[in-house]
Every structure is written in structure tokens, then in C-alpha cells.
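For reference, the structure is listed below as C-alpha cells.
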Amino acid sequence: MSLGKDLDKAKVNMAEGPGSPPAPPDVMIQVKDLAYIYGKGHPGETTGLAGVSLEIRRGEYVAVAGPNGSGKSTLARHFNALLLPSGGQVLVDGLDTSLPENVWEIRRRVGMVFQNPDNQIVSTLVEEDVAFGAENLGVPPPEVRERVEEALALTGLTGFRQHAPHLLSGGQKQRLALAGVLAMRPSCLVLDEPGAMLDPAGRRELLETLQRLNRTRGVTVIHITQLMEDAARAGRIIVMSAGKIALDGTPAEVFARAGQIEELGLDLPAPAEINRGLKRRGFIMPGVPLTASDLVQMIKMINKHT
Ligand code: ADP
Ligand code: MG
């Protein structure tokens, strides 16, 4: 273990190069002026990202929102070196994603879950499916079994270990994909619209699992979603537009910019939308409610004042 740490330090130093200050240890992901162009140099080249800088701290729960084509997936794919910058730099735990020798370690630390759970199933048995990624990392079999147990428990799939993955519901399949990633024990999870193919109940289950992992295990969560209602559950929301960051702040800060969110074609969560309607009608609202119960509290306060 200590050898691994020394190796990591060596890589960190290499990644930084001479002269650049070391990344603070609590920074999970550092993106510096990142640009990405699809089909660079070919006719019809497309800008995916046009100068993105951000820092994600260890243990944060960040939602990345934005309309279709705004660069959310392009950004996410840079977080575990599936895409490499056309310009700028991405550091994961201080490791530069553009150095081939760092890629394996980066993929071990940052787990990805994609939109379609069907594309992520690799086995005919739930427990084998969960074990797959950890086995490929070379984790010894007894430890794989331990990790599979834990991942099944964390995702509420223990009772399904002997089931066939393709017979699970959409929400269960997505939790299975998550379990496979968790068995690799990543310090950071990146989920690219994981709820897009799920019904509301499946989405809620998944969100609850993510929040539990973040709170109890300190796993850094980067949740890409077009649903502002889901984004409202994060500690921070980054809104993308045309390959750039349009807004970055707490949910209350972001939803206070209702006009800008509407211009981007995104919906406000229902409580924030109702809040906006009340403000338009002359009510002085004490803040931006993120949940229905926040809204109820605020309305009670208004009643008392009038
Ligand atoms: P989002 O995930 O927010 O919908 P993307 O990151 O997929 O946005 O896309 C950002 C931009 O890059 C869009 O203009 C999109 O058309 C373009 N793009 C995405 N993937 C590809 C690709 N494989 N080839 C060419 N252009 C792409
Ligand atoms: Mg996308």
C-alpha cells in the first residue's frame, strides 16, 4: 500500500512538471482551460468544449446540468481519460489524464456509469456482473467476493445475486451497473444521465443510493442530468451551455437565476417555479425553496407577515 502511495506521489510530481504549484490534496478533479474538438482538422469538426475551468473537491456532490449538446458528456469523458484534451489540462487526484502511464490509475479512481444500463451488462448472473470490473483490476478472488457483497448491499441488490441481469427492472439494472463500479472502489463516481431511461421510482432509488454513498462513504459524486429537480439534490450545480460553464453555485444560487435557466431551455424544479410565480405577483419571498417542504415553510412565513 505504501509503495503504491510513493508511486502515486512520483506520478503526481511528474504530472505537475517543474514550476507548477502542487494541487491541494482535497482536490479530486482539476480542469484548466479545457477545450475539446471532435474530428479536429477534418471538415465538419465540432466544438465539444470551449474553455472550461473548474475544480471539484473530494467528497463533493456536484450536478452538471445543461441542454442537449452543451458539452456535459464531453466534459464527463475527460474525467476518466476516455477523451483527452485538445487544449488545456485535466488532473484527477493530481494525475494528468494526457499521460498514458496515468490512465489505468485514473480509471481505477474514477468510475463511470452511463445512460443506458443495458449496454453495461457483461454477464448472465448479477453477482458475476458486479465482480467483472474488480476482477479485471486484478483484485484477489477472496477480496472480490467481499467487495461484491458490499456493493450488492449498498445498491440494495443482495437478494438478486443469482438473478439474470436482463430480467431486472430498469432501475435495478442501473443499480447493478453502479454496483459493478462500486466493487472497483473508486473515490469518485461520474454518472452521465443515469436516470434518463428510468421511471420516477427508479430515479429516486438511484438518487438515494448516490446520496448515501456520498454521505456515508465520502465518495465524490458527479451527476450529469438534464433534470433540474434531480440537480436540486446536489451540493453544487454546474450549468453548461455551448461548451462552456454558464452557472456554477449552490442550488439556491443557481435557481435564483431563473431567467437565465429559462433562456437555456431548462426547467426550474417545481418549488422554485412556484416561488417565481409568487414573486411575480408581488409576494416577497425570503429565499429560493428547493423542496416542497421549503416552499411550505416560506408560504407560512409570508402569511405571518401579511
Ligand atoms: P451533452 O452531453 O450536453 O448533450 P455533448 O458533450 O454530447 O453534449 O456534445 C457537445 C457537442 O459536441 C455537441 O455539439 C455535439 O453535437 C458534439 N458531439 C458530441 N459527440 C460527438 C461526436 N462523437 N462526434 C462529433 N460531434 C460530437
Ligand atoms: Mg450527453
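Values in this text are rule-based calculations from the coordinates and carry no lab data. Note that the coordinates shown come from a computational prediction; the quantities given were computed from them, not determined experimentally. A quick note on method: Cβ atoms are made from the backbone with ideal geometry, for glycine too, and the neighbour counts reach across all protein chains shown.
The table for this structure:
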| read-out | value |
| --- | --- |
| Sum of -39500 (n - 2.57) over DSSP H runs of 4+, divided by residues of the chain (222 nm, nearest 500) | -12000 deg cm²/dmol |
| Ascending count of other beta-carbon atoms within 10 Å, so fewest first, for H163, H78, H42, H223 | H42, H163, H78, H223 |
| Long-range amide H partners of H163 with built H, under 5 Å | V126, E127 |
| Sequence-distant residues sharing a close amide H with A246 (under 5 Å, placed H) | V239, M240, S241 |
| Bins of 5 Å from zero: percent of alpha-carbon pairs in the range 171-258 | 3, 13, 24, 24, 18, 12, 5, 1 |
| Simple spin-label estimate for A258 and D26 in nanometres, 7 Å along Cα-Cβ | 3.4 nm |
| Unit charges on C-beta of K, R, D, E only; dipole of the chain, Debye | 840 debye |
| Spin-label pair V296/H166, simplified geometry with 7 Å Cα→Cβ offset, distance in nm | 4.5 nm |
| ³J(HN,Hα) computed for each position of the range 88-104 - Karplus, 6.51 cos²θ - 1.76 cosθ + 1.60, integer Hz, glycine/proline x | x, 8, 10, 10, 10, 6, x, 8, 6, 5, 7, 8, x, 5, 8, 4, 4 |
| On Cα atoms only, tilt of 200-217 relative to the major axis of the chain in degrees | 70 degrees |
| Histogram of C-alpha separations across the range 2-265, 10 Å bin width, % | 7, 29, 35, 23, 6, 0 |
